[in-house]
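Single-structure report; data block below.
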Amino acid sequence: MVERIVEHMRAVFGTQDMSIFMVILLLVTLLPIVLFALRYRPLVRSTAVVLLIVYLVGNLSFTILNRETLSDYYVILPSFDNYRRALYLDLGIVGTIKEIMEEGLIEGLRHVHMRSSSALREIILNILLYFPMGYILSFVFPRKHRHIAVITLIGFLCSFATELAQLYWRIGYFHVDDIINNTLGTLAGAIAGCLLATIWRVK
């Protein structure tokens, strides 16, 4: 099963994608180590702020600064087309979820097949791109203002603003599915970050 996952990863992601993975992995790995060592101290938040700035610069570079101008404006409404193109489910969505609930994750994944590596790549990258935002913001906010919903909303607004900028300057599509995936990434990061911040009692 692990070999199959690794094989699919190699088929889906290129060199540039792997470098993005490494940056995200570095941020996510470095933050808990540093913050765990600095818990109960004011440096926790300042360290998270520095990492957030590094992440935001990288995000802007990837989504806006290094884009070529398109010939026209493009808006793509929500369709979840990438999901349909990326994966084929033998049992359908409901059947696959039921199979996972009854038989376990590994057995359920046997009924999931990859159709398009490029579509799957786009989904995963858009989710991973915003995971660090939700994760790091969990440590930036003080405990009394640390809410998963608020952090997720910030991720949504940042993604929406990015898509608007891409549309306005014609450097990309305004893709509603991208906003959805970015928001899912922020939500996942916020859940992980808030959980760890609570366990470590980061103030």
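The values are calculated or read from the model by the stated rules, or taken from the named source; none is laboratory data. Because the structure is a prediction, the values reported are computed rather than measured. Neighbour counts run over all protein chains shown; Cβ positions are idealised from the backbone, glycine included.
Annotations for the structure displayed:
- Qualifying residue in the range 55-62 (condition: assigned to a helix (DSSP H, G or I), at pLDDT 85 or above, over 30 Å from Trp200 (Cα atoms) and of a type in the set (A, V, I, L, M, F, W, C)): yes
- Checked across the range 109-125, the condition of being farther than 24 Å from Leu70 by Cα, of a type outside the set (S, T, N, Q), in a helix (DSSP H, G or I) and touching a helix residue (DSSP H, G or I) at 6+ places or on another chain (Cβ under 6 Å) holds for no residue.
- The residues listed here are Glu122, Glu163, Glu107; of these, the one that is among the acidic types (Asp, Glu) and surrounded by fewer than 15 Cβ atoms within 10 Å (Cβ to Cβ) is Glu107.
- Picking from residues in the range 139-188 that are more than 15 Å from Asn59 (Cα to Cα) and in contact with a Gly (Cβ under 7 Å, 6 or more places away or on another chain), the one that is modelled with the lowest pLDDT is Phe139.
- Pick from the range 80-104, criterion closer than 12 Å to Glu122 by Cα and charged (D, E, K, R), ranking: surrounded by the fewest Cβ atoms within 10 Å (Cβ to Cβ): Asp81
- The single condition among (1) surrounded by 13 or more Cβ atoms within 10 Å (Cβ to Cβ); (2) under 30 Å from Leu109 (Cα atoms) that Tyr55 does not meet is (2).
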